[in-house]
Amino acid sequence: MSFRVQDPLTLFSQWLEEAKATEVNDPNAMALATLDGDGTLSNRIVLLKGHDGLGFRFFTNFEGRKGRALRDNPRAAALFHWKTLDRQVRLEGPVERLSAEESQAYYDTRARGSRIGAWASLQSQPLPHRSALEGRIEDFVARFEGQDQFAKPDYWGGFILRPMAMEFWRAGEFRLHERVRLTRLNLDSGWTETPLYP
Ligand SMILES: Cc1cc2nc3c(=O)[nH]c(=O)nc-3n(C[C@H](O)[C@H](O)[C@H](O)COP(=O)(O)O)c2cc1C
């Protein structure tokens with residue numbers, strides 16, 4: 001059995017669609033690894049909120065740990081693992097902030113509670129007690145009362161990971177999995193496809 005990728009974006013979209021049909025929840029969840037300013041690695045799940053030829057988009061707080069890490073080291077590795085399909089996809093590349101307009105456009109689509117939450121949460125800062133967060137939520141609920149739409153916080157928005165490398169992996173018998181790594185020299189060039197030993 002052999003497996004060729006050719007167009008990684010198309011294959012990614014196909015695998016994500018198949019995962020949407022089979023995963024119990026969050027088929028768009030990806031582990032995102034970043035490097036802090038002092039070289040410490042860290043990793044957490046975020047949700048993929050869009051992908052196209054430009055890259056893979058996710059949203060977060062710019063002042064949380066990953067936000068600061070991406071300011072100091074604007075590159076990341078992301079990983080999707082779809083257990084029901086026995087597949088994984090790896091992405092590696094530079095990360096850029098989306099424009100404030102694009103972030104606002106996505107923010108406007110979110111549930112009101114999530115939009116308030118983005119204001120209320122000082123992501124990754126110590127929380128002395130849960131009531132401190134609840135108090136901030138009440139403050140912002142009051143602040144935005146009667147407004148259907150309101151501006152996102154400056155410290156919240158999107159990033160785009162622009163892959164320079166992608167790897168598609170699917171399970172094979174006897175742990176003899178199939179792997180194909182694709183790399184490109186720059187963001188405008190075509191992909192070079194290399195099968196890898198499992
Ligand atoms: C299924 C799932 C989805 C998540 N999606 C996001 C997300 O899209 N954006 C985000 O900032 N945090 C998301 N989180 C929370 C992060 O994993 C993490 O706890 C948070 O962003 C703080 O990370 P940091 O301290 O490294 O910045 C999600 C967690 C889980 C388990």
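The values are calculated or read from the model by the stated rules, or taken from the named source; none is laboratory data. Every value quoted in this text rests on a predicted model; they were computed, and no experiment measured them. Don't worry about glycine lacking a Cβ; one is built from the backbone with ideal geometry, like all the others, and counts go over all protein chains shown.
Take the conditions (1) of a type outside the set (G, A, S); (2) in a loop (DSSP other than H, G, I, E, B); (3) surrounded by 15 or more Cβ atoms within 10 Å (Cβ to Cβ); L70 misses just one of them, which is (2). Which number in (1) on the phi > 0 side of the Ramachandran plot; (2) surrounded by 15 or more Cβ atoms within 10 Å (Cβ to Cβ); (3) touching a Pro at 6+ places or on another chain (Cβ under 7 Å) marks the one condition that R175 misses? Against the list (1) on the phi > 0 side of the Ramachandran plot; (2) surrounded by 15 or more Cβ atoms within 10 Å (Cβ to Cβ); (3) touching a Pro at 6+ places or on another chain (Cβ under 7 Å), R175 comes up short only on (2).
May I ask you to list the residues in the range 86-129 that are in a helix (DSSP H, G or I) and either closer than 27 Å to K20 by Cα or under 16 Å from the mean Cα position of the chain (by Cα) (or both)?
Within the range 86-129, E102, S103, Q104, A105, Y106, Y107, R112, G113, S114, R115, G117, A118 meet the criteria.
Does the range 29-38 include one or more residues that are more than 21 Å from E178 (Cβ to Cβ), loosely packed, with under 13 Cβ neighbours inside 10 Å, of a type outside the set (S, T, Y) and modelled with pLDDT of 95 or more? Within the range 29-38, one or more residues are more than 21 Å from E178 (Cβ to Cβ), loosely packed, with under 13 Cβ neighbours inside 10 Å, of a type outside the set (S, T, Y) and modelled with pLDDT of 95 or more. Report yes if some residue within the range 41-61 is part of a loop (DSSP other than H, G, I, E, B) and over 16 Å from the mean Cα position of the chain (by Cα); otherwise report no. No, because not a single residue in the range 41-61 is part of a loop (DSSP other than H, G, I, E, B) and over 16 Å from the mean Cα position of the chain (by Cα). Which one is modelled with the lowest pLDDT among residues in the range 2-28 that are of a type in the set (S, T, N, Q) and more than 23 Å from S99 (Cα to Cα)? Only one residue fits best here, namely S2. Would you mind stating whether E102 is modelled with pLDDT of 95 or more, closer than 22 Å to D36 by Cβ and surrounded by 15 or more Cβ atoms within 10 Å (Cβ to Cβ)? Taking the combined requirement at face value, the residue does not satisfy it. V95 fulfils the conditions (1) buried (at least 16 other Cβ atoms within 10 Å of the Cβ); (2) among the β-branched types (V, I, T); (3) over 30 Å from F80 (Cα atoms) except for a single criterion, (3). Here is a check on your reading of the model: is T22 among the hydroxyl-bearing types (S, T, Y) and buried (at least 17 other Cβ atoms within 10 Å of the Cβ)? No.
Return the total of residues in the range 40-80 being among the β-branched types (V, I, T) and more than 10 Å from the ligand (Cβ to nearest atom). Within the range 40-80, residues that are among the β-branched types (V, I, T) and more than 10 Å from the ligand (Cβ to nearest atom) number 1. In the set I116, I160, only one residue is among the β-branched types (V, I, T), under 17 Å from F59 (Cα atoms) and touching a Gly at 6+ places or on another chain (Cβ under 8 Å); that residue is I160.
Take residues that are basic (K, R) and touching a residue at least 12 places away in the same chain (Cβ under 8 Å) and tell me which of the strands (runs of 3 or more DSSP E) falling wholly in the range 139-198 contain 2 or more.
Correct list: 178-183.
Close Cβ contacts (under 9 Å, 6 or more residues apart or on different chains) running from residues in the range 32-51 that are among the aliphatic types (A, V, I, L, M) to residues that are assigned to a loop (DSSP other than H, G, I, E, B) and loosely packed, with under 14 Cβ neighbours inside 10 Å comprise I45/D26; L47/D26.
Could you identify the single residue in G117, G64 that is within 21 Å of M30 (Cα to Cα) and surrounded by 16 or more Cβ atoms within 10 Å (Cβ to Cβ)? One residue alone meets the criteria, G64.
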